[in-house]
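Here is the structure we will look at, set down as structure tokens.
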Amino acid sequence: MTGQVLALLGATLTLLAAVGVVRFPEVLARMHALTKASTLGVVLVLVGGAVTLDHPNDVTSLLLAAALQVMTMPVGANLLSRATYRAGAERTGE
């Protein structure tokens, strides 16, 4: 039951990240919404799967995937947003 609740929370956060990408007008705000919510959402889905599964190899694989998401997704988003800022992306809403 706990794994299913975690997976549902993760899916909800991923859905909110998608809504944030559609709703926000600026590129940098979209990147922020996408990175923060989707990273936590994917990690919650993977941890929920790890809690639900029984075999140690499956649990290890899911936890490794969650750790890689936490290490790589914010760094990649930071580099993309920095490149977007330096390229002179227009800011709307100011």
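The values are calculated or read from the model by the stated rules, or taken from the named source; none is laboratory data. Note that the coordinates shown come from a computational prediction; the quantities given were computed from them, not determined experimentally. So basically every Cβ, Gly included, is an ideal-geometry build from the backbone, and we count neighbours across all protein chains shown. We work out accessible area using only protein heavy atoms, side chains counted, and drop any ligands, DNA or RNA first. Shrake-Rupley method; radii C 1.70, N 1.55, O 1.52, S 1.80 Å.
Would you point out the residue of the range 17-31, among those that are free of Cβ contacts under 8 Å to residues at least 24 places away in the same chain and part of a helix (DSSP H, G or I), that is least open to solvent (accessible area, probe 1.4 Å)? Give the steps one after another, and end with the answer.
Going residue by residue through the range 17-31, those that are free of Cβ contacts under 8 Å to residues at least 24 places away in the same chain are 18-24, 29-30.
Filter once more, so that each one left must be part of a helix (DSSP H, G or I): 18-23, 29-30.
Details: Ala18: 52, Val19: 70, Gly20: 8, Val21: 51, Val22: 116, Arg23: 187, Ala29: 30, Arg30: 95 Å².
The qualifying residue least open to solvent (accessible area, probe 1.4 Å) is Gly20.
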If Leu34 satisfies every condition in (1) of a type outside the set (Asp, Glu); (2) more than 16 Å from Pro74 (Cα to Cα); (3) touching a residue at least 40 places away in the same chain (Cβ under 8 Å) but one, which is the exception?
-> (2)
Scan the range 40-94 residue by residue and report those that are exposed (fewer than 11 other Cβ atoms within 10 Å of the Cβ) and either touching a residue at least 40 places away in the same chain (Cβ under 8 Å) or among the polar types (S, T, N, Q) (or both).
-> Asn57, Thr92, Gly93
Flag if Leu64 is farther than 21 Å from Arg82 by Cα, in a helix (DSSP H, G or I) and either among the β-branched types (Val, Ile, Thr) or under 11 Å from the mean Cα position of the chain (by Cα) (or both) = no
Quick one: is Thr12 open to solvent by less than 50 Å² (accessible area, probe 1.4 Å) and among the polar types (S, T, N, Q)?
-> no
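Evaluate the following for Val51: is it under 16 Å from the mean Cα position of the chain (by Cα) and modelled with pLDDT of 90 or more? Let's see the steps before the verdict.
On the way: under 16 Å from the mean Cα position of the chain (by Cα): no; modelled with pLDDT of 90 or more: yes.
No, not satisfied.
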